[in-house]
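The values are calculated or read from the model by the stated rules, or taken from the named source; none is laboratory data. All values derive from a computational prediction rather than experimental measurement. In this analysis, Cβ positions are derived from the backbone assuming ideal geometry, glycine residues included, and neighbour counts consider all displayed protein chains. For the accessible areas, the whole protein counts, side chains as well, though only heavy atoms, and no ligand, DNA or RNA atoms are used. Shrake-Rupley method; radii C 1.70, N 1.55, O 1.52, S 1.80 Å.
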Amino acid sequence: MNMITSSNLVFSLLFCLMVSMLLLPLPSNGADPDPLQDFCVADLNASTSVNGFPCKPVSKTTSDDFFFDGLSKEGNTSNPFGVNLTAGNVLAFPGLNTLGISMNRVDFAPGGINPPHSHPRASESGVVIEGKLLVGFVTTDNVFYSKVLSAGQMFVIPRGLVHFQLNVGEGKALTFTAFNSQLPGAVVVPLTLFASMPSIPDQVLTKALQVDKDVINTIRSKFGF
């Protein structure tokens, strides 16, 4: 496949991904409330906010408020998980405020993993752009669903369920994900359990995980604690 065809495929996949999110029945099922005006560019410097951000004055709104190039650059995957997430949420792209959508770019080193996590405020759909990923999630009935996906294939993760992506290909991998929330949030399981501040008491973790305190301390040390 030549470079032009590959580029067209990427943009076509991303367009389909965004259209699929926009066509969801948001009025009754959206994670965020419906907007009451054409747009409300977030004023991130405002001193007050109520479940979102106040609007930037229209008189100070410019074309740049509606465009974002933060997902165009490959992220640095030099970390223990071998993954880098570049967020395109309202904090990075204020023009998303009140619109109920956002996107992420996720880069994977060979063998990299986006560790088990959940998004408390949004469902997620994604498309693999490069490489091969094992994508899986676990339901509230402890049923595990998974599949290995390659470039051009999509996945969906229901809101709030624990899920992951693991690079099982020989090289790098890349996926773009979309959410029906301007700020979906993320609860990353290993960091939540072993890197919270203050720490979860040892007696809670040893009892819950049925392991000795030495095991807990060993895992915590992996995260700098």
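Return the residues of segment 64-78 that are open to solvent by less than 60 Å² (accessible area, probe 1.4 Å) and not in a helix (DSSP H, G or I); say none if nothing qualifies. Within segment 64-78, G70, L71, G75, T77 meet the criteria.
Among residues of segment 74-87 that are within 19 Å of P116 (Cα to Cα), those with a Cβ under 7 angstrom from a residue that is open to solvent by 60 Å² or more (accessible area, probe 1.4 Å) and part of a loop (DSSP other than H, G, I, E, B), sequence gap 6+ or separate chain, pair up as N84/N76.
Note on segment 166-222: among residues that are open to solvent by less than 60 Å² (accessible area, probe 1.4 Å), assigned by the TED database to the domain that holds V83 and free of Cβ contacts under 8 Å to residues at least 60 places away in the same chain, the one that is nearest to N79 (Cα to Cα) is L166.
Return the only residue of F67, F53, F15 being within 22 Å of the chain's Cα centre (by Cα) and modelled with pLDDT under 80.
On the way: F67 fails: modelled with pLDDT under 80; F53 fails: modelled with pLDDT under 80.
The conditions single out F15.
The conditions of being surrounded by fewer than 18 Cβ atoms within 10 Å (Cβ to Cβ) and assigned by the TED database to the domain that holds P54 are not met by N89.
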